[in-house]
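Note sheet for the following structure.
The values are calculated or read from the model by the stated rules, or taken from the named source; none is laboratory data. Please read these numbers as outputs of a predicted model, since none were measured by experiment. Cβ sites come from the backbone with ideal geometry, for glycine too, and all protein chains shown count toward neighbours. These accessible areas exclude ligands, DNA and RNA; they are computed on the full protein's heavy atoms, side chains included. Shrake-Rupley method; radii C 1.70, N 1.55, O 1.52, S 1.80 Å.
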Amino acid sequence: YFRNEFILLAFLRMRKQDFAGTEKWLNKIKNPESALIKKQQGYYNYLKGIMASQVNLTVAEKHFKTALKLGLTMDYDVAMAKLSLAGIAMQKRRKREATTLLAEAKKLDKQGMLTEQIKVMQQQMKKI
């Protein structure tokens, strides 16, 4: 019954760039499919995707896609997930997919918090 707190604590650790702390709280959630409601499962996968993107792009891609399918509440989080997927697609030389995801991320980034990352990625895309 503490699963709600675990996902929240994991998110707070992530906001502080504490990846070890994030991983610790996520690992306390043993069966996310039954322990968490759908939106929480979305954020669980979102956080797992961010963690995996440090070490394994294929695993990260799976988590980000699952997070988007399950749903994320904030436009910024959806934009961030799509931006991450665009980066993965770009590294895997899937330019068309990366371009589409980047455009979707840009549209969702209403506060312009990802503007710089999007510009950098668009520049890198020209090299592919």
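Here are some notes:
- When only alpha carbons of segment 42-95 are considered, Rg and Dmax amount to 10.1, 30 Å.
- Within segment 84-128: backbone nitrogen closer than 14 Å to the Thr58 label point (7 Å, Cα to C-beta): 92
- Crossing angle, helix 75-91 versus the chain [Cα axis fit, 0-90 degrees, rounded to tens]: 60 degrees
- Probe 1.4 Å, accessible area per residue of segment 1-111, Å²: 58 Å²
- Paramagnetic reach from Val120 in segment 66-95 [backbone N under 19 Å; point 7 Å along Cα→Cβ]: 76-93
- Dipole of segment 39-128 computed with +1 at Lys/Arg Cβ and -1 at Asp/Glu Cβ about the Cα centre; of Gly112, Gly49, Ala86, farthest Cα towards the positive end is Ala86.
- On Cα atoms only, tilt of 115-125 relative to the major axis of the chain in degrees: 60 degrees
- Stokes-Einstein translational diffusion, the chain - Kirkwood Rh over all Cα pairs, 1.567 mPa s, 4 °C, in µm²/s: 87 µm²/s
- Spin-label pair Met113/Ile128, simplified geometry with 7 Å Cα→Cβ offset, distance in nm: 2.5 nm
- Reach of Lys95 by Cα under 26 Å, taken over lysines that are not fewer than 8 positions away in the same chain: Lys48, Lys62, Lys65, Lys69, Lys82, Lys106, Lys107, Lys110, Lys119, Lys126, Lys127
- Simple Cβ-charge dipole of segment 1-95, Lys/Arg +1 and Asp/Glu -1, about Cα centre, in debye nearest 20: 300 debye
- Rounded to 10°, Cα long-axis angle of helix 38-52 versus longest principal axis of the chain: 60 degrees
- Rounded percent of accessible protein surface that carbon and sulfur make up, the chain, 1.4 Å probe: 56 percent
- Counting only aspartates and glutamates at least 8 places from Lys28 when in the same chain, those with an alpha carbon closer than 15 Å to its own are Glu5.
- For segment 7-54, the fraction of alpha-carbon pairs lying more than 11 Å apart is 63 percent, rounded to a whole number.
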